Amino acid sequence: MKRTSFRTVVAPAATLVAMSLALTACGAGNESGTSGSAAAKSDVKLSGTLNGAGSSAQEAAQGAWQSGFQSANPDVTVNYDPVGSGGGREQFLAGGVDFAGSDSYMDDEELAKSKDACNGDTAIEVPNYVSPIALVYNLEGVDNLQLSAKTAADIFSGKITKWNDPEITADNPDAKLPGDRIVPVHRSDESGTSANFTDWMSKAGEGAWTAEPDSVWPIKGGEGAQGTSGVIDAVTNGKGTIGYADDSQAGDLSTASIKVGDAWVAPSAEGAAKVLDISKRVDGRAENDMAMDIDRTTTEADAYPLLLASYLIACPTYKDKAKANLVKGYLSYIVSSDGQSAAAKTAGSAPLSSTLAEEAAAAVDKISAASS
């Protein structure tokens, strides 16, 4: 895999962008944030501007984190640009932002390059956002679609082109499927959501997905759309469309259940969290790198293996002590119970388990100034 790595209806993407801009302009509280919480308030007096970029799936959660942290630290401004996971990693590695959010962990080449941005040290990666990826679709008269990973792979590879194809019918024996043409929609930008989606089809699709999992859509065909909001818009405004997106962004679109063992499981925060907890760490990584090898083929009851585990990427050391304190303070709040609760309330994500949260907090707590 070239780039490896719950459900609440939220405002449309345009509204979220406006919300994000408003949050960065001031420290005004938001009911979905945790204004004044002990976790958000740092023991060190914080001031200044913190810039981050990356995952568009994290956009709603970042809005809640910005609100809670800025309310508790009124002299701080946090900016987050949801340019996509690939764009966020690129900006971070180029020294353009202080931290990145990414729905896939860095590859070996990026880890090596991070030393240039991090004063000779390798960047840290900690999970901060766990959410199901939903198969969103727009098909009149079909409200309870069921798709195995194999069937999804055949749809997105272009092998299946009609909604009443025998393979889809076999997954949905009780549904009345029309003969409409299927229009699969994928991300046109480099995307951690694509990396996770193609990883699921590759590992659970019984060989139907033959391309390497990748954050850049690896095959020709289908309709491309920019960002999570672009996929949602394309599916919403099309006919017979199907795409994949963070479940928190699904809005009024229908979402399919996927096959796990012998059961059909709908996307849920709890199901995604269960899979992450049984998944193993990626081999060969540093102690402060919590990249996870997600178990896509689990048959655990109620597990939902089509998920993204999104990460915070930051330097273990910063040249400026004030900047180090800002990054440490904000990231500590995000992985705290208050921060995770704020994201769950706003974006429907699954809070990190206590074990993962403690590990992430310990890694973030080591952030310091290079001269200290």
Exercise. Give the residue that is surrounded by the fewest Cβ atoms within 10 Å (Cβ to Cβ), with candidates limited to residues of region 144-193 that are in a strand (DSSP E or B) and more than 26 Å from the chain's Cα centre (by Cα).
Key: Arg181
Quiz item: Any idea how many residues of region 296-333 are farther than 21 Å from Gly84 by Cα and buried (at least 19 other Cβ atoms within 10 Å of the Cβ)?
Solution: 13
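Rundown of residues vs (1) more than 16 Å from Gly101 (Cβ to Cβ); (2) modelled with pLDDT under 95, yes/no style:
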{"residue": "Ser310", "(1), (2)": "no, yes"}
{"residue": "Pro316", "(1), (2)": "yes, no"}
{"residue": "Lys319", "(1), (2)": "yes, yes"}
{"residue": "Leu352", "(1), (2)": "no, yes"}
{"residue": "Asp365", "(1), (2)": "yes, no"}
Exercise. Could you please let me know if Gly88 is within 19 Å of Ile367 (Cα to Cα) and modelled with pLDDT of 95 or more?
Key: no
Exercise. Check Asn237, Asn196 and return the single one that is within 15 Å of the chain's Cα centre (by Cα), under 29 Å from Ala53 (Cβ atoms) and among the polar types (S, T, N, Q).
Key: Asn196
Quiz item: When you go through (1) touching an Asp or Glu at 6+ places or on another chain (Cβ under 8 Å); (2) surrounded by fewer than 20 Cβ atoms within 10 Å (Cβ to Cβ) one by one for Val44, which number turns out not to apply?
Solution: (1)
Practice problem: Output the residues belonging to region 87-104 that are surrounded by fewer than 24 Cβ atoms within 10 Å (Cβ to Cβ) and in a helix (DSSP H, G or I). | Solution: Gly87, Glu90, Gln91, Leu93
Quiz item: Looking only at region 118-143, which residues are assigned by TED's automatic domain parsing to the domain that holds Glu90, surrounded by fewer than 20 Cβ atoms within 10 Å (Cβ to Cβ) and out of contact with any strand residue (DSSP E or B) (no Cβ under 6 Å at 6 or more places or on another chain)?
Solution: Gly120, Thr122
Practice problem: Within region 46-96, count every residue that is over 28 Å from Asp214 (Cα atoms) and of a type in the set (Phe, Trp, Tyr). | Solution: 2
Exercise. Residue by residue through region 105-126, note down the ones that are part of a helix (DSSP H, G or I), among the hydrophobic types (A, V, I, L, M, F, W, C) and closer than 23 Å to Leu356 by Cβ.
Key: Leu111
Practice problem: Please state which of the following conditions Trp209 fails to meet, knowing it meets all the rest: (1) touching a helix residue (DSSP H, G or I) at 6+ places or on another chain (Cβ under 7 Å); (2) under 21 Å from Ser85 (Cα atoms); (3) assigned to a loop (DSSP other than H, G, I, E, B). | Solution: (2)
Exercise. Check region 283-291 and report whether any residue there is more than 28 Å from Ala314 (Cα to Cα) and surrounded by 19 or more Cβ atoms within 10 Å (Cβ to Cβ).
Key: no
Quiz prompt | Long-range neighbours under 7 Å by Cβ, at least six apart or interchain, first residue in the same structural domain as Ser310 (by TED's automatic domain parsing) within region 335-364, second surrounded by fewer than 24 Cβ atoms within 10 Å (Cβ to Cβ) and among the basic types (Lys, Arg) | solution = Gly348/Arg7; Val364/Lys328
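The values are calculated or read from the model by the stated rules, or taken from the named source; none is laboratory data. Just so you know, these numbers come straight off a predicted model, no measurement behind them. All Cβ positions, even for glycine, are placed from backbone atoms using ideal geometry, and neighbour counts span all protein chains on display.
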